[in-house]
Amino acid sequence: MRGRERSKPDEVADAKVERFAYPGTPARLYSLAWWIASSLTYRQPTLLWVTEWGIWASSENWHLYYKLRQSYGDMRLLHEAPGHLFLEYESEDLATFLQLAMLNGWGGYVLTGANYVNAFFSHDEYIKFYASEDVLLSDVRKEWVRS
């Protein structure tokens with residue numbers, strides 16, 4: 001991020017923020033993860049950066065996470081490589097990894113290449129969306145109302 005002159009969205013002083021609780025059922029997480037992966041990315045590379053894990057150990061499915069990661073030929077442990085860069089055509093992959101991270105009770109960031117709207121998802125089952133302008137969050141609000 002430093003090389004791209006990007007800050008974490010929660011470190012931008014004048015960012016507009018919307019916070020939403022996760023949906024009431026885990027089954028709804030995938031549709032929201034898919035919406036994030038397909039709508040906020042504008043078909044540009046997106047970084048999924050996991051920064052919190054091990055907090056709710058009983059909800060973590062490490063086996064599934066590592067099998068998924070290994071299916072991409074990546075044998076590294078999460079603490080060795082907590083970021084996953086998804087290219088513009090990998091929105092389904094991003095949605096899957098994001099859903100699994102949320103189900104595992106992890107936290108982290110969705111940092112889009114477009115940098116219009118970015119997100120922080122928390123181990124405490126909420127997600128915050130950040131944008132430079134309030135109007136950019138209007139689609140986020142509409143989607144959360146639908147969910």
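A short reminder: the numbers here are calculations on the coordinates, not readings from a lab. The structure presented is a predicted model; accordingly, all values stated were derived computationally and were not measured. Counting neighbours? That spans all protein chains shown, and the Cβs are built from the backbone with ideal geometry, glycine included.
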Subject >> Those trypsin sites (Lys or Arg not before Pro) in segment 66-125 that DSSP places in a loop and that have at most 13 other beta carbons within 10 Å >> reply: Arg76
Original post:
Relative contact order (percent) for the chain, with alpha-carbon contacts under 8 angstrom and 6 or more residues of separation?
Top reply: 36 percent
**OP:** Provide the per-residue ³J(HN,Hα) series for segment 105-122, in order, calculated from phi with Karplus coefficients 6.51, -1.76, 1.60 and θ = phi - 60°, each as a whole number of Hz, with x at glycine and proline positions.
**Re:** x, 8, x, x, 10, 10, 10, 8, x, 5, 6, 7, 10, 10, 9, 10, 10, 10
Original post:
Where in segment 1-94 are there chymotrypsin sites (Phe, Trp or Tyr not before Pro) that are in a DSSP coil and have at most 14 other Cβ atoms within 10 angstrom of their Cβ?
Top reply: Tyr42, Trp56, Tyr72, Tyr89
Subject >> Under Karplus coefficients 6.51, -1.76 and 1.60, residue-wise ³J(HN,Hα) of segment 10-26 in Hz, glycine/proline x >> reply: 7, 9, 7, 4, 9, 5, 7, 10, 10, 10, 9, 6, 4, x, x, 10, x
Subject >> Sum of -39500 (n - 2.57) over DSSP H runs of 4+, divided by residues of the chain (222 nm, nearest 500) >> reply: -9000 deg cm²/dmol
Subject >> Environment charge of Leu68, counting only residues whose C-beta is closer than 14 Å and scoring Lys/Arg +1, Asp/Glu -1 >> reply: -2
Original post:
Out of segment 1-102, which GluC sites (Glu not before Pro) are coil in DSSP terms and have no more than 10 other C-beta atoms within 10 Å?
Top reply: Glu5, Glu80
Subject >> R0 of 22 Å, Cβ-Cβ distance Leu87-Ser132: FRET efficiency to nearest 0.05 >> reply: 0.35
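What is the diffusion coefficient of the chain in µm²/s, taking the Kirkwood radius over Cα pairs and the Stokes-Einstein relation at 20 °C with a viscosity of 1.002 mPa s? The partial results should precede the final answer.
Details: Rh = 15.5 Å.
The diffusion coefficient I find is 139 µm²/s.
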Original post:
Using r as the Cβ-Cβ distance of Arg146 and Arg76, and R0 as 30 Å, what FRET efficiency do you calculate, to the nearest 0.05?
Top reply: 0.25
Original post:
So if we plug the beta-carbon distance of His63 and Ser31 into 1/(1 + (r/R0)^6) with R0 = 25 Å, what FRET efficiency do we get, rounded to 0.05?
Top reply: 0.55
